[in-house]
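Remarks on the structure that follows.
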Amino acid sequence: MKSLDLFVIVLYVLGLVAMGSLFARKMRNTRDMFAAGGQSPWWLSGLSAFMTMFSAGTFVVWGGIAYRHGAVAIAICTTLGISALLTGWFLAGVWKRQGVDSAAEFLELRFGRSLVQFYLWLQGTLGIFTMGGAVYALSVIICALTPLPEGHMLADAATGNLSVTIASLLICVIVVAVCFIGGLWAVLMTDVLQFIILTVSVLMVVPMLLAKAGGVGGFIDAAPEGFFQPTNAEFTWWFLVGWVVIHFFKIGGEWAYVQRFTCVPTDRDAKKAAYIFGVMYLVSPLFWMLPPMIYRTINPDASHEQAYILACSLVLPAGLLGLMVAAMSSATASTATTVLNVYAGAFTTEVYQRLIRPQAPERELVLVGRVVTVLLGLIVAAGALLIPLLGTYTGWILTTTAMLTGPLVLPTIWGLFSRKVGLLAAWAVTLVSASTGFAVKFGFGKGGWFEDVEALAGVVKLAQANARITEIVIGVAVPLLLLVLAEWLTRGESPGWARIEERRRLQRGEKPVLPSHLPARLCGWSVVALAVVLVVLTLINGSQNAVVVPFAVGLAVIGGGVLWATRGAGAAASSPSKQ
């Protein structure tokens, strides 16, 4: 990267922090900080959910799969759109009708405090630790493009580039700063800003890369055999079906996504948030996955985990590459900001307020929430440093998603509809199914505990030959069967059901709030600012005008249209908390 790229990256980071600062004075209570006061517009929550799912793996995990296997990555990402649409149809509105601000609050009412504490500590630490892996993976990519002078204090002596450790820690600092200053409002807005910049950047990169590859015909002719098939030996049709099921449970029950459905004004808004999430994942994978696929035909010997950014660096001029790198960095970090905000809120309310200081005033709780955010940020940093020592980030994501989603979220989703299943059943399902998954993973995998047991040779061989399918089946089937059994054996209604019914009744009696207009205004100004940046960078570089200028004009028109449409809401938009 050149000096202009680094300048754009610094400018982008300052912009994110400034956006967080804009919301700092609106953090009057924990509901503002961790639930956006229930005033998030549906489109803002939906796009933020899209970026939360998108960020952690698109460039490194799915971009690497796209480089190696082609259209398989498009098929896998498209399944997430189906999952999100199913979530909108069956679950999103149900979550909003519970009258709670978070999944943790629902779990305490429905099952009791002990299960909340268990999920909080296990999911919180594991989820935040996993985000560190995303930070590390992206740091590797960024550092590959950032050579430094010999002897520079931030350089890695072995490569001469920016140190991966330093880059990981810097990204963690940015993540914590955004959450610390602006709470959920800042997380939502930075997610959408990243979505805008990345979408524009990728749409510009695709035609530039196709030109390098000799056009669409040249790309197709140079692609490896089977490159446009939606499945292969590792990622089969059964895997895709299982991935839909797994992510239906993940989007419908994981705390970060539930937060997106509870922070909007109405259950209809929650449904629309899930629908826009789903539609984006049905449409966008085609063009998101094209850069590494096209790059495979240009340079078949590159590192698959670096293929995405190498493709971009091949065609983007100085300044635009910096903008792309900045947005990729913060997009991956946006998953961490989401998880940080969710679990900082949960630790603040479920541990500090309920167990330590029940009478703590709101100002104190907001301060504690910010301190907890910093402490959890240290866990992200630990994950960034340790996950590379535990295996590949791609393998970590595929395995933990497949095997832990069911045990950790299925009891929650079941509790939304079942009158009978209670605390004991939820505990049993979680512990037994998670233990079963652990035993299968480390017992039947390669080099596992049971590999040399002759009586289990057939089962071990089958599990190893279908490792991905085995992970999904165990992760879904075991907790699902246990819940069905618990439903059948349980007699009478769980006490938690009555508590939830009472909360729903109170929710129906509350006056609905109006969504804030401030996000739309900020998006309009951000799009106009991006158009200006593109024009300035084009004038400086004097290259790729035919591609960049039309995008800049289009963005200016879109941004101006948004500002014109919301012009009467300017005064009201100045304070989301009061609308």
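Restricting attention to region 446-494, the residues being farther than 24 Å from Val244 by Cα and touching a residue at least 60 places away in the same chain (Cβ under 8 Å) number 7. Looking at region 197-231, which of its residues are without any contact (Cβ under 8 Å) to a residue 60 or more places away in the chain and touching a helix residue (DSSP H, G or I) at 6+ places or on another chain (Cβ under 7 Å)? Correct list: Val216 only. Kindly establish whether Leu408 is crowded, with 23+ Cβ neighbours inside 10 Å, at pLDDT 75 or above and either farther than 25 Å from Thr165 by Cα or among the small types (Gly, Ala, Ser) (or both). Considered against the rule, which asks whether it is crowded, with 23+ Cβ neighbours inside 10 Å, at pLDDT 75 or above and either farther than 25 Å from Thr165 by Cα or among the small types (Gly, Ala, Ser) (or both), Leu408 comes out as yes. Do you know which residues across region 279-296 are surrounded by fewer than 24 Cβ atoms within 10 Å (Cβ to Cβ) and either modelled with pLDDT of 90 or more or of a type in the set (Val, Ile, Thr) (or both)? Answer for region 279-296, where residues must be surrounded by fewer than 24 Cβ atoms within 10 Å (Cβ to Cβ) and either modelled with pLDDT of 90 or more or of a type in the set (Val, Ile, Thr) (or both): Val279, Met280, Leu282, Val283, Leu290. Against the criterion of being out of contact with any helix residue (DSSP H, G or I) (no Cβ under 7 Å at 6 or more places or on another chain), surrounded by fewer than 18 Cβ atoms within 10 Å (Cβ to Cβ), modelled with pLDDT of 70 or more and not acidic (Asp, Glu), Ala572 does not qualify. Within region 442-472, if we keep just the residues that are of a type in the set (Asp, Glu) and in a helix (DSSP H, G or I), the residue that is surrounded by the most Cβ atoms within 10 Å (Cβ to Cβ) turns out to be Glu471.
Flag: Ala92 does not match the condition of being within 17 Å of Phe347 (Cβ to Cβ), at pLDDT 80 or above and crowded, with 23+ Cβ neighbours inside 10 Å. Close Cβ contacts (under 9 Å, 6 or more residues apart or on different chains) running from residues in region 418-441 that are surrounded by fewer than 22 Cβ atoms within 10 Å (Cβ to Cβ) to residues that are acidic (Asp, Glu) and part of a helix (DSSP H, G or I) comprise Ser418/Glu487; Lys420/Glu487; Val440/Glu471; Lys441/Glu471. Can you find a residue that is in contact (Cβ under 8 Å) with a residue 60 or more places away in the chain, crowded, with 20+ Cβ neighbours inside 10 Å and more than 28 Å from Leu424 (Cβ to Cβ) anywhere in region 120-127? Checked region 120-127: no residue is in contact (Cβ under 8 Å) with a residue 60 or more places away in the chain, crowded, with 20+ Cβ neighbours inside 10 Å and more than 28 Å from Leu424 (Cβ to Cβ).
All of Leu115, Leu107, Leu126 fail the test of being in a helix (DSSP H, G or I), at pLDDT below 80 and out of contact with any Gly (no Cβ under 6 Å at 6 or more places or on another chain), apart from Leu126. Looking for something part of a helix (DSSP H, G or I), surrounded by fewer than 15 Cβ atoms within 10 Å (Cβ to Cβ) and modelled with pLDDT under 90 - is there at least one such residue anywhere in region 223-241? Yes: one or more hits. Determine whether Ala213 is at pLDDT 75 or above, of a type in the set (Gly, Ala, Ser) and touching a strand residue (DSSP E or B) at 6+ places or on another chain (Cβ under 8 Å). When the stated conditions are applied, Ala213 does not pass them. In region 23-76, counting only helices (runs of 4 or more DSSP H) that sit wholly within it, the ones holding 3 or more residues that are modelled with pLDDT of 65 or more span 42-57, 63-69. Would you call Val264 modelled with pLDDT of 90 or more and touching a Pro at 6+ places or on another chain (Cβ under 8 Å)? No. Note on region 97-129: residues that are of a type in the set (Phe, Trp, Tyr) and farther than 17 Å from Pro495 by Cβ total 4. Only a single criterion out of (1) within 29 Å of Ala402 (Cα to Cα); (2) out of contact with any Pro (no Cβ under 7 Å at 6 or more places or on another chain) is not satisfied by Tyr308, namely (2). For region 297-319, the set of residues classified as under 26 Å from Asp191 (Cβ atoms), modelled with pLDDT of 80 or more and of a type outside the set (Val, Ile, Thr) consists of Ala307, Tyr308, Leu310, Ala311, Cys312, Ser313, Leu316, listed by residue number. Just name the residue that is surrounded by the fewest Cβ atoms within 10 Å (Cβ to Cβ) out of those in region 242-271 that are part of a helix (DSSP H, G or I) and of a type in the set (S, T, N, Q). If we take residues in region 242-271 being part of a helix (DSSP H, G or I) and of a type in the set (S, T, N, Q), then Thr262 is surrounded by the fewest Cβ atoms within 10 Å (Cβ to Cβ).
The values are calculated or read from the model by the stated rules, or taken from the named source; none is laboratory data. Computed from a predicted structure; not experimentally measured. Cβ: placed from backbone, ideal geometry, glycine included. Neighbour counts: every protein chain shown.
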